[in-house]
Amino acid sequence: VFKNSSQPNAALLHNWVLVRPGTADAVANDGIAAGEANGYLKPNDNRVIAHTKMIKGGETDSVTFGAPAPGTYDYICTFPGHAVLMRGKLTVK
């Protein structure tokens, strides 16, 4: 479950996107090019393992997925400019 804890009227959209190792920056850049109509995600991007939709402040979304192979995976927000700071790691053992 992913919650955008921004204020509802703040116009700060966010998503949660789990990507294959080493692809976070390229996924973010291609997402910007894909635009708002595509939720800032390139359609059918095979580098994306799982993602939520783009949500407004105060909203939640959830995603269920099978764990990928053991390793460390990046997750990012693909809203323009956010992936630089809004990122983390998911470790699968």
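The values are calculated or read from the model by the stated rules, or taken from the named source; none is laboratory data. The shown structure was predicted, so the numbers you read here are calculated from the model rather than taken from an experiment. No Cβ is skipped: glycine too gets one built from the backbone with ideal geometry, and neighbour counts run over all protein chains shown. With ligands, DNA and RNA removed, areas are computed over all heavy atoms of the protein, side chains included. Shrake-Rupley method; radii C 1.70, N 1.55, O 1.52, S 1.80 Å.
Return the only residue of 10, 28 being open to solvent by less than 80 Å² (accessible area, probe 1.4 Å), within 24 Å of residue 91 (Cα to Cα) and of a type in the set (Gly, Ala, Ser). Steps first, answer last, please.
Numbers: 10 fails: within 24 Å of residue 91 (Cα to Cα).
Going through 10, 28 in turn, just one is open to solvent by less than 80 Å² (accessible area, probe 1.4 Å), within 24 Å of residue 91 (Cα to Cα) and of a type in the set (Gly, Ala, Ser): 28.
Could you please find all residues in the stretch 55-73 being open to solvent by less than 40 Å² (accessible area, probe 1.4 Å), within 14 Å of the chain's Cα centre (by Cα) and within 15 Å of residue 2 (Cβ to Cβ)?
Result: 55, 61.
Looking only at the stretch 27-54, count how many residues are under 24 Å from residue 7 (Cα atoms) and charged (D, E, K, R).
Total satisfying the criteria: 2.
Identify, by number, the condition in (1) farther than 22 Å from residue 8 by Cα; (2) surrounded by 11 or more Cβ atoms within 10 Å (Cβ to Cβ); (3) without any contact (Cβ under 8 Å) to a residue 40 or more places away in the chain that residue 92 doesn't meet.
So the condition that residue 92 fails would be (2).
Identify, please: which residue in the stretch 41-54 is over 18 Å from residue 90 (Cα atoms) and of a type in the set (A, V, I, L, M, F, W, C) and is, among those, least open to solvent (accessible area, probe 1.4 Å)?
Looking at the filtered set, the residue picked out is 41.
Which condition does residue 38 not pass, out of (1) open to solvent by 30 Å² or more (accessible area, probe 1.4 Å); (2) within 14 Å of residue 81 (Cα to Cα); (3) polar (S, T, N, Q), if it passes all the others?
Of the numbered conditions (1) open to solvent by 30 Å² or more (accessible area, probe 1.4 Å); (2) within 14 Å of residue 81 (Cα to Cα); (3) polar (S, T, N, Q), the odd one out for residue 38 is (2).
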